[in-house]
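Note sheet for the following structure.
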Amino acid sequence: MGTLTLQKYQRLDSLADKSINSLGKAVKSKKKPLGNTTLTNKGFVRSQKPFLEYFINDKPLSEQLDKIYNTKTTILENWVGALGSGNPKTDRIKVKQLLQRKVSDKEIRDVYPSSWTEDEFQWYLDKYREELENPEVLIYCCAECGDYDCGGIAVTIDQTENSVVWNIIGASDILKFEFDKNLYFGVFNNYLNQIAK
């Protein structure tokens, strides 16, 4: 069985568009800069993005995914881990998904501003419910906005009496990871306790 840990990680700066490397070119260009980019003399550069990385058997999962997705660079060009981006309320919901626990409407409601009326909130509630009903759980999401609708990389989760199994379908292969159930639940329950403080 594999080991699973969560560790702080950071998507490093990367070149997003080297054809636009001056303000003049940026103004004349029909291209729009990607989110979280900075104009430098080398071009538009994507900014660093901190998140919690899933380390499986002491290796970052993103590096293992690069192999099955046959990427020329890294999946972290577009995606980041869905945990640790700074919002403990959304992290709590994501961890509950990974633990296959029920998420209440109140927990979803707490993610959004309390000043919203129920009518304003209803669309987001329905959208969140749709995500929670999906058997695939997004573990890497859009690095720019984190929105479920932007896609990402997901796992399906199966449980046996003694283990939890993650299946990730790639472009050319399926990655399968099996974790001791007690250790798996321990990792995510520990994180829930950390963000509750």
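The values are calculated or read from the model by the stated rules, or taken from the named source; none is laboratory data. Since the structure is predicted, the reported quantities are computational estimates derived from the model, not experimental observations. Virtual Cβ from ideal backbone geometry, glycine too; neighbours counted across all protein chains shown. Side chains included, ligands, DNA and RNA excluded: accessible areas come from the protein's heavy atoms. Shrake-Rupley method; radii C 1.70, N 1.55, O 1.52, S 1.80 Å.
For the range 91-99, backbone phi angles converted through the Karplus equation (6.51, -1.76, 1.60; θ = phi - 60°) give residue-by-residue couplings of 4, 4, 5, 4, 5, 4, 4, 5, 8 Hz, Gly and Pro being listed as x. Checking the cross-link filter: which aspartates and glutamates have an alpha carbon closer than 17 Å to that of Lys59, excluding same-chain neighbours under 8 positions apart? Excluding near neighbours in sequence, the set is Glu178. Measuring between alpha carbons in the structure, the pairs from Lys102/Lys176; Lys49/Lys96; Lys72/Lys176; Lys67/Lys94; Lys67/Lys106 lying more than 30 angstrom apart are Lys67/Lys106. Summed over the residues of the range 65-110 and divided among them, the accessible surface reaches 50 Å² per residue at a probe radius of 1.4 Å.
Cα gyration tensor of the range 42-165, axes a ≥ b ≥ c as square roots of the eigenvalues: rounded (a/c below 1.5), prolate (a/b > b/c) or oblate?
Working: a/c = 2.20, a/b = 1.27, b/c = 1.73.
Oblate shape, in that a/c is at least 1.5 and b/c is the bigger or equal ratio.
With +1 on each Lys and Arg Cβ and -1 on each Asp and Glu Cβ, how big is the dipole of the range 93-197 about its Cα centre, in debye rounded to the nearest 20? Charge dipole of the range 93-197: 500 debye, to the nearest 20.
Just to confirm the filter: which GluC sites (Glu not before Pro) across the range 89-169 are DSSP coil and have at most 14 other Cβ within 10 angstrom of their Cβ? Provide the component values of the computation, followed by the final result.
Details: sites: Glu107, Glu118, Glu120, Glu130, Glu131, Glu133, Glu136, Glu144, Glu161; in loops: Glu144, Glu161.
Within the range 89-169, the qualifying GluC sites (Glu not before Pro) (loop, at most 14 other Cβ atoms within 10 Å) are Glu161.
Near Ala154, the amide H atoms lying under 5 Å from its own belong to Ile139; only residues 5 or more places off or on other chains count, and H is placed 1.01 Å from N. How much net charge surrounds Leu83 when only other residues with a Cβ under 11 Å from its Cβ are counted (Lys, Arg +1; Asp, Glu -1)? Result for the local shell: +1.
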